[in-house]
Amino acid sequence: MKKTGKKTGNLPLKEKSEAAWTVNSIPTNRNLTKKDLGAVIFGCKNHTINECLKKMMFGLPAAHFPYVKNVSPGLTLFLFNFSDRTLHGIFEATSCGKMNINPHAWITSEGSEYTPYAAQVQVGIRKKCRPLFEEEFKPLIAKNYYSDRLFWFELDIEQTRKLTKLFSSPELPKKMPPRPPNAARSSNAFNVLSGSNVDEAADKETENNDSKEYSGMEEMNLKENQHSYATIVSNRDAFAPEKKWTELFKASSSSSLEKKKSCERDPNQPNSMDTPYPENINSAYGEVVTDTESSVSESVIIKLTQELEELKVSQLKQTLKIDSLQHQLVYSKLEIDQLKRRCHKLEFVPSSAIDYYALEFCQPPNITAQESVLIVGGFDGDSWLPDLSLYSPPEDHEISLCPMTCSRSYASVAKLNGDLYIFGGVDDGIWYDTVESYNPMCNKWVQRPSLNKKKGSLAGASLYEKIYAIGGGNGVECFSEVELLDLNIGSWIPAQSMLEKRFSHATADINGALYVAGGYNGRDYLRSVERFDPREHAWTRLGSMNVKRGCHSLVAFKERLYALGGYNGDTMVSTVDVLDPRFGSWLLAEPMKVSRGYFGSFVFGGKIHVIGGLEGTEVLDVTECYDEGSGWQVGGRTAIGKRSYFSTLVL
């Protein structure tokens, strides 16, 4: 049975979790209308936040434009830093949400010419507020969270009101130890180094501790100086260090007066150290006092400088240690996720099959005994998966195969000479041109010649021993170009371009020709359909579908084409369009039981099967199958579990 890979596209509806400000970090959106939209949260990371604030412009990947375009001047905006998971505010839009206000902003990958964050808006500051930690704002937007760390960026009016109120509330006062009533007040110790290039952030972090530390040192030094020449200088007018210290620390006159009063004794209290001032005191004593004072001042400055350097080194070590722990945490979470998926799969394995599972890990699986389906990658509601597995629909049994070399979302697949080919896609904002093939008999992946252009959300098909990579986009623009891989040549070569740009479209082959339907052209979702006959080397426009569709499936079944589900620009749909190529017109057929997009589809056992996908914001684990006699029937949960944004391929 010939079956082309179904390509899941990109829709402005989370990330890698690794998450992050990436195309694959948000699988969908809330689809709030413009009148219900109260605010939008934009994203950044440590290496992009400065550019956001300097240019006063925020951006998201192009897939988010369907709701970014609803931003109008005056709308409340917030900025979420994925690196430290803090929310900054309060901002407001000063322009409408547009595509490519600055097409060269936030260039993060070497060799890239255009921004990966094309859905942009210009902003202004409405009110400067302290950043909110995630544990502070998460309860207010709890219904936006679709996993522990991932949430939708659209806020309704009530959420916006609560969040704005939280931003405007004063920060809780820090608890400070009580100060004795007669304790001397000290100015900020770091004023000593005001002329040096001390890092401002380090100053703020160490200000409190060092101020207290220096306050004690200052009081001690003053007492030592007073004791050393008290028998010579008992008159307060000769207490010379006061002026010198004031000049050294550049304190204000009021601060100097306050400090002087705090250091002076009460004239009504007896002082055993007071002695009459000798009239014939030698001026050399004044020089000794000045030298002593200067020496003490220099030693204090040197000591503070050394302590500051030690503090900066310690802070750097702590930062490096935290980074290391964060990386370890990421790897640990990946291992935990893999173990969870393994346990989940084992739950569906009967006890008689345990020995077979043990055999699976020590040798390539025997997958030629019966027709099976390859399940490639996807999103399980928490993370993007590099998994490859073999699924048997009759037994509802899944076997894990050798995973892909990297996670890639919005890639396309096709079958050629019994091997699975996967090409294009995106991961963490980096678009791929790389191509890999999987050999089921060896259970191994092999690198293949790269595409001529980096792209994702493209369609893939194989025909006449060639693989076609059709359309797609890179987050900035949509493509109509077509490339084909000829293994005899060993490279991808340009083919005749489509009549229209398409992104997140679907393709299938029937009767020796390729059919491409729907998608997104950068402005709107499409109903149009094109056919490519390799024997004619030309594209022909056909009759349009009844419903606009993107992120849908196109399946060849009993000499007809079935366009299933998808996204129409407003919501997920369950409708089904059917084309009989002999007549050239599309007819609406019985709809699916569940509205869904980004799902897997294939023909198996004389029926059309659909698995998983998205319904609104929910990742599905429900199946449906269709035959001409009984129509659509809903099945139960599968061993695959919750899965969306994946591809299927019948072996």
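The values are calculated or read from the model by the stated rules, or taken from the named source; none is laboratory data. Because the structure is a prediction, the values reported are computed rather than measured. Quick reminder, even Gly has a Cβ in these numbers, built from the backbone with ideal geometry, and neighbours come from all protein chains shown.
A few remarks follow.
- Cβ-Cβ under 6 Å pairs, at least 6 apart or on other chains, the range 46-74 side assigned by TED's automatic domain parsing to the domain that holds Pro131, far side basic (Lys, Arg): Asn70/Lys34
- Filter result for Cys442 (out of contact with any strand residue (DSSP E or B) (no Cβ under 9 Å at 6 or more places or on another chain) and hydrophobic (A, V, I, L, M, F, W, C)): yes
- Check on Val576, more than 30 Å from Pro440 (Cα to Cα), touching a Leu at 6+ places or on another chain (Cβ under 8 Å), of a type in the set (Val, Ile, Thr) and assigned by TED's automatic domain parsing to the domain that holds Asp396: yes
- In the range 45-63, the residues that are exposed (fewer than 15 other Cβ atoms within 10 Å of the Cβ) and aromatic (Phe, Trp, Tyr): none
- Any pair with Cβ under 6 angstrom, 6 or more apart, that starts in the range 518-541 at a residue that is assigned by TED's automatic domain parsing to the domain that holds Tyr468 and under 24 Å from Ala63 (Cα atoms) and ends at one that is aliphatic (A, V, I, L, M) and surrounded by fewer than 20 Cβ atoms within 10 Å (Cβ to Cβ): Val529/Leu542; Glu530/Leu499
- Tally, over the range 585-640, of residues that are among the polar types (S, T, N, Q), surrounded by 15 or more Cβ atoms within 10 Å (Cβ to Cβ) and part of a strand (DSSP E or B): 2
- Once the range 113-137 is narrowed to residues that are within 19 Å of the chain's Cα centre (by Cα) and within 30 Å of Lys454 (Cα to Cα), the residue that is surrounded by the most Cβ atoms within 10 Å (Cβ to Cβ) is Tyr117.
- Residues of the range 87-126 that turn out to be assigned to a strand (DSSP E or B) and of a type in the set (S, T, N, Q), as a count: 2
- Residue within the range 508-524 that is surrounded by 24 or more Cβ atoms within 10 Å (Cβ to Cβ) and among the charged types (D, E, K, R) present: no
- Residue that is nearest to Cys44 (Cα to Cα) [pool: residues in the range 70-100 that are crowded, with 18+ Cβ neighbours inside 10 Å and of a type in the set (Val, Ile, Thr)]: Ile90
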